[in-house]
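A short write-up of the structure that comes next.
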Amino acid sequence: MTGPSQRFRPLGNNYRAPEPDDGTSIEILHPSKEPTARVQADIVLVPGLGGHFIRTWKGRESVVWPRDLLPACISDIRILSFRYNTSLNGTMSMLGITEHANDLLNWLSNDREDDEPASLRPLIFVGHSLGGMVIKRALYMAAYGKQKFRGLWHASRGVMFFATPHLGLDREMWKSFARFVLQHDAPVKGALPTRSMIRELEANSENLLDITEDFKSLYSHLAFVTFIEADPMPGLKKVLVNGLFGKMHDGHERHEMLSGNHLTICQLIGEPNVESFQLHPVRKGVEFLMADKPNALDVAGPSAKRALYSLSSDKFHAYFLGRPQTHGTGNWILRRSEFQAWLRRDPGKERLWISGQEGSGKSFLTKHIITDIMPTESRQEIIHCFLSNMYASRNNLQALLQSTLHQALRLQPELINECLQPTFNGAQRREKQNEAVWKAQQLMALWPEAMAKVITVHENPLTLIVDGLDEIQTSDQETFFQSLEDLSKRLRQPEKLRVLLVSQDRPLIQKHIQELGFSTYPIQPHDMEGDVTTSINSRLTHLFNTLAPGDEELRAEAMSSIKGKLANDTYLYGTLRSEELRHTRIRNKSDILKALDKIPDKTEDLCQHIVDRILSNHDGQRSHFIKQALAWAAFQEEALSITELNIALGLAKAMHDCPGKTITEKQLADCLDENLKAKVDFYCGPLVNLSDGNLWPLHQSVKVHIRTRLESMADAALEQVTPQGLLASVCTMYLSMAETESYSENDSEITWESRVRKKMKERPFLRYASLNWHKHFSKAGTGNTPDTQKRKEMLTQGSNGRAKSWTEVWWFVGRGSAQSFPKEDLSLADKIVNRPLDKQDSEDIQSPGSFPQKQDEPEQLNKDALKHVTVPETSTPAVLTIFQKELVYKEVEVEKEIVKEVVKDVVKEVVKEVVKEVHVEVVREVEKEAVRPEIQMLDRIEYIKVMPEKKKRQRRGYFKNLGKAVGGVGKSEPVFVPLHLRYWRTNISQ
């Protein structure tokens, strides 16, 4: 959401999304119900200096023409009005205009988030006076700024301006402008603007010219309607904004003079009815904007839109691009000849691989290239994907292929019907609960062909950028390189495709890079050194300026200590040390070096030190808050927004205060925290990040340390509920609250869609809870509380209103409005909850029908077949006896990548099953470095913590951990376990 902190309204039927402290919001004037996919366009009103989101548009007899008249003339439109601070202090400066533009974009983005029909709906802007300049700035920022706003730019069709001073005003008119416009909305009747106000207006008038100049690059992409005021303000001989200053004088513009002065021109002073002569040109203007600049995707049709967005979503593409980056970092890449040759598209240099060690800032470098370096080039299109093993929706080949294919076809929508429609239409007849729209084999065949068609037809060259290729399975890496090679063979002009891959150095990737003729650049320690220093300085400037102003010797000594004794500086290490120092209580400058001496030198030790300190130094309410916040950061299925996190933590607090009770709306509202962002930063800052409005662990390795520590704390304290159980408890409680039960048996398809969308907006945590509660519940296993178990039973009873309510949301987000919700299927909730977990995890919950299930290797041992476990009293060595389905194999020689080596190995394929007794012998414990390929019979090794003095816990712990280890056999996904954990060398014999 917008702004550093939020103000929350009561969570009742009138609850809306939280709004920033300055009172900005988007107010829906029409229709009274939530829109459906049939809405033709969103009309967005933006008042100007001294204006009001309703009064600006109100004419005779209190008729607000956009709300009361326009929908009667143009059917199926939606009217929104932007409410913001229109005072002189907040509107005229470039900073003020930019902040308002950013707020407008944020509110529109939030309004369309997770809503496929809304994300495709055209946008028409209507601005009065300086409100038009806010619109122009917003459109410029959407076109060239944050990726999260790119969908708004693609949806924008045109702007209607009422008396907007595009070229500023005549110098003599500023005093009159200040007097008549500001006095009109003055808090004291008759008050006159001060001289300082007039000087500020004149000083900031140049900003209007700068905004107009920037906006010229967008003229060819939009249509415009301009209305010039016909009458002067009372007491003036001339109009305030005449044709010279009020016309754009360029672009695709219709302009017309309209009755009224500067303030009344947008009130339509004629008769307040649909036949009004004043309303006629406005209605024609809106129709012109809607029809004259149709987006290519609009021409393709609604079915093509649904097919395209079944691949991926604009939100998915925005991942990581919103992360704040220290100013001035990343520019070192421009001084590297390999990158410059790639940037210039030198013959034979169109492919580049940048490799670097873990924590070396590769993703931030990729972001810098996409958002700062590439936009300076003309005539180029960027297609990108950030892969990450932190979330199941980003750690597979399907994510990569679907995301990049979505972006490519977005450039040439006329190809959608040919490339996507047959498969998409066929998928509408699939088994509704279990199957995804896009299967892996379909994507592998479709991707090279469709990408080649787009590149061939598109007028500009394409740049494909992929970050984190090492974070997907090696089999997926192999397939991607095969697809890339296939694509290259299909291109008549290979030079039209430029490729940049960024990853850690892996032998398999290196092998294919060499075969495909990529240029390479390995990131060196001296590359990072300047950026690490800059990043640390930016974090600690306030500390040094406060405690040691001007002491450059101390700063240099501290900087050297922070960077550590290791030869290879990394962003992760420098960030952790500087953040730890920033969060340490320091009274004077002598304490700075003392504090640094106590910080561990190794990254993994430092991670553990920070986790332990944060979790050990607090008790009571603070400890409960910290554990909950870290649990969400480490175990969330997708990144929570600040709003969602606030509700989740508030609900956990309410449940802690009222154990065993169903939480009410009022109890939840009382536990929400207006200062959540600052509180999370203060207590959990070194480990998590909320800077872009979403909750992220600082790094994958940090996430693993948090998970391990929380799980071990639960084990040591013999807590009944595990971290996953905590999350399941919160989600099920939210879905069990009376306010979430919103279901009607008599809905038509249109009213069903409208009601579900409204329900999701009124209850911001409903989407996450509906999509993920059963995943947390399943992963918690025996770590769920009895109360959570009871709520689970209620939420899976098909006849229960709450069960129907959450399955509606699951269906709407996962299947969209293209498929009718199966109201009569009383077993739908049970089918969703009891699907195999690997299918749930591999689906992309950010877009309809996205990522299909993974194609896992056959398991050598199946944990679901476990019948009995006999647990010995001793800790190690020990022999565990289980009755287990034995899988009989044949041996097949393959190559496996282990610890940066490619070795020959033998894998086994299942031939048949027989039931036999199997003995699991725990031989000894070894360090990670000692686990060589020849003893890795389990690709995933889970440590078993034995507590002989607690037999019940011991028995359950053995069963749980043995089940994890056995269930992981034969899987090739990477598992991230911190170095400090003990590994168990395990032999399995019959």
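The values are calculated or read from the model by the stated rules, or taken from the named source; none is laboratory data. Note that the structure is predicted; figures quoted are calculated from it, not measured. Quick reminder, even Gly has a Cβ in these numbers, built from the backbone with ideal geometry, and neighbours come from all protein chains shown. With ligands, DNA and RNA removed, areas are computed over all heavy atoms of the protein, side chains included. Shrake-Rupley method; radii C 1.70, N 1.55, O 1.52, S 1.80 Å.
So here's what we get for this one:
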| read-out | value |
| --- | --- |
| Residue identified as open to solvent by 60 Å² or more (accessible area, probe 1.4 Å) and modelled with pLDDT under 90 among Asp68, Asp111, Asp22 | Asp22 |
| In segment 215-273, the residues that are within 23 Å of Pro71 (Cα to Cα) and among the charged types (D, E, K, R) | Arg254, Glu256, Glu271 |
| Pair list, Cβ under 7 Å, 6 or more apart: segment 729-745 residue modelled with pLDDT of 70 or more, other residue part of a loop (DSSP other than H, G, I, E, B) and of a type outside the set (Asp, Glu) | Ser729/Val721; Ser729/Thr785; Met733/Ile663; Tyr734/Phe765; Ser736/Thr662; Met737/Thr662; Met737/Ile663 |
| Scan of segment 762-791 for residues that are charged (D, E, K, R), touching a helix residue (DSSP H, G or I) at 6+ places or on another chain (Cβ under 8 Å) and within 20 Å of Ile647 (Cβ to Cβ), ordered by number | Arg763, Arg767, Lys775, Asp787, Arg791 |
| Residue under evaluation Ser360, criteria (1) polar (S, T, N, Q); (2) open to solvent by 40 Å² or more (accessible area, probe 1.4 Å); (3) touching a helix residue (DSSP H, G or I) at 6+ places or on another chain (Cβ under 9 Å), criterion not met | (2) |
| Which numbered condition Asp673 fails, given (1) modelled with pLDDT of 85 or more; (2) part of a helix (DSSP H, G or I); (3) crowded, with 17+ Cβ neighbours inside 10 Å; (4) under 27 Å from the mean Cα position of the chain (by Cα) | (2) |
| Qualifying residue in segment 290-308 (condition: open to solvent by less than 20 Å² (accessible area, probe 1.4 Å) and touching a Phe, Trp or Tyr at 6+ places or on another chain (Cβ under 7 Å)) | yes |
| Filtered residues of segment 31-87 (kept if part of a loop (DSSP other than H, G, I, E, B) and within 24 Å of Arg306 (Cα to Cα)) | Pro31, Lys33, Glu34, Pro35, Thr36, Ala37, Arg38, Val39, Gln40, Ser75, Asp76 |
| Extreme residue, most open to solvent (accessible area, probe 1.4 Å), among residues of segment 519-565 that are more than 14 Å from Ile592 (Cβ to Cβ) and free of Cβ contacts under 8 Å to residues at least 12 places away in the same chain | His526 |
| Test: residue in segment 450-461 that is touching a strand residue (DSSP E or B) at 6+ places or on another chain (Cβ under 9 Å), assigned to a helix (DSSP H, G or I) and open to solvent by 20 Å² or more (accessible area, probe 1.4 Å) | no |
| Condition met for Asn85 (open to solvent by 40 Å² or more (accessible area, probe 1.4 Å) and within 17 Å of Ser25 (Cα to Cα)) | yes |
| Lone qualifier among Ser483, Ser475 - being open to solvent by 50 Å² or more (accessible area, probe 1.4 Å) and in a helix (DSSP H, G or I) | Ser475 |
| Subset of segment 785-827 [assigned to a loop (DSSP other than H, G, I, E, B) and open to solvent by less than 10 Å² (accessible area, probe 1.4 Å)] | Gly816 |
| Residue count, segment 598-629 (criterion: part of a loop (DSSP other than H, G, I, E, B) and open to solvent by 60 Å² or more (accessible area, probe 1.4 Å)) | 5 |
| In segment 676-710, the residues that are among the hydroxyl-bearing types (Ser, Thr, Tyr) and not in a helix (DSSP H, G or I) | Ser691 |
| Filter result for Leu411 (modelled with pLDDT of 85 or more, open to solvent by 30 Å² or more (accessible area, probe 1.4 Å) and not polar (S, T, N, Q)) | yes |
